[in-house]
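Here is the structure we will look at.
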Amino acid sequence: MTRNEDSLKALTTILRAASSVERVVKEDMISYGLNATEFTVMEYLYNKGKQPIQMIGKKILLASSSITYVIDRLEEKGLVQRIADVKDRRVTFAELTAEGYLKMEDIFPKHAQTIEKIFKNLSDDDLNKLRTLLKEVGYESAKLIK
């Protein structure tokens, strides 16, 4: 098999695996009553605490208008609240409400178990190698983006 054929097979394998993983993760998030973006925002706030809304968007790669919409939805559900910055009126923070924090306390361990199941057949060494190899593929791909 040529290098070109190997590369094409590797790409197909990556894309199929990514599609399956994405489906499993999305279904898991939906089972908690959240879409993928809502869950990602809540997970970020759960792990980082109160954050400027703009920063959340940058960290999870969402446009400003999109992050505003997601925060609005989570606020309507009573899971997130906005807090004005007393030092800089241009800045608004978002943080989990008590209800949002309790929800994440409940679902995050379950979500982590789902992710663990995806990788259960890999040794710790294989998992680290996979992460390293995928990072390298990602870096090289990013260089090709114009």
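Summarise the long-distance tail of P(r) for the chain by giving the % of C-alpha pairs beyond 23 Å.
50 percent
What is the fewest-to-most order of D125, D28 by other Cβ atoms lying within 10 Å of their Cβ?
D125, D28
A 29 angstrom limit on the alpha carbon distance is what I want to check against. Which of K48/K135; K50/K77; K9/K129; K77/K120; K9/K143 exceed it? Intermediate results must be reported in sequence, preceding the final value.
On the way: K48/K135 23 Å; K50/K77 18 Å; K9/K129 19 Å; K77/K120 34 Å; K9/K143 21 Å.
Pairs exceeding 29 Å: K77/K120.
Let me spell out the model: positive unit charges on the Cβ of Lys and Arg, negative unit charges on the Cβ of Asp and Glu, origin at the Cα centre of the stretch 3-144. What dipole size does that give, in debye rounded to 20?
Working: 23 positive and 22 negative charges, 77 e Å.
Roughly 360 debye, rounded to the nearest 20.
Just need log10 I(q)/I(0) for the stretch 61-146 at q = 0.14, 0.16, 0.23 Å⁻¹, Debye formula, equal scatterers on the alpha-carbon atoms, no solvent, rounded to two decimals.
Listed by q, the Debye log ratios stand at -0.85, -0.93, -1.03.
Read-outs: derived from the displayed coordinates by stated rules, not from any lab. The structure displayed is predicted, hence computed values, not measured ones. With ideal geometry, Cβ positions are generated from the backbone for all residues, glycine too; neighbour counts draw on all protein chains shown.
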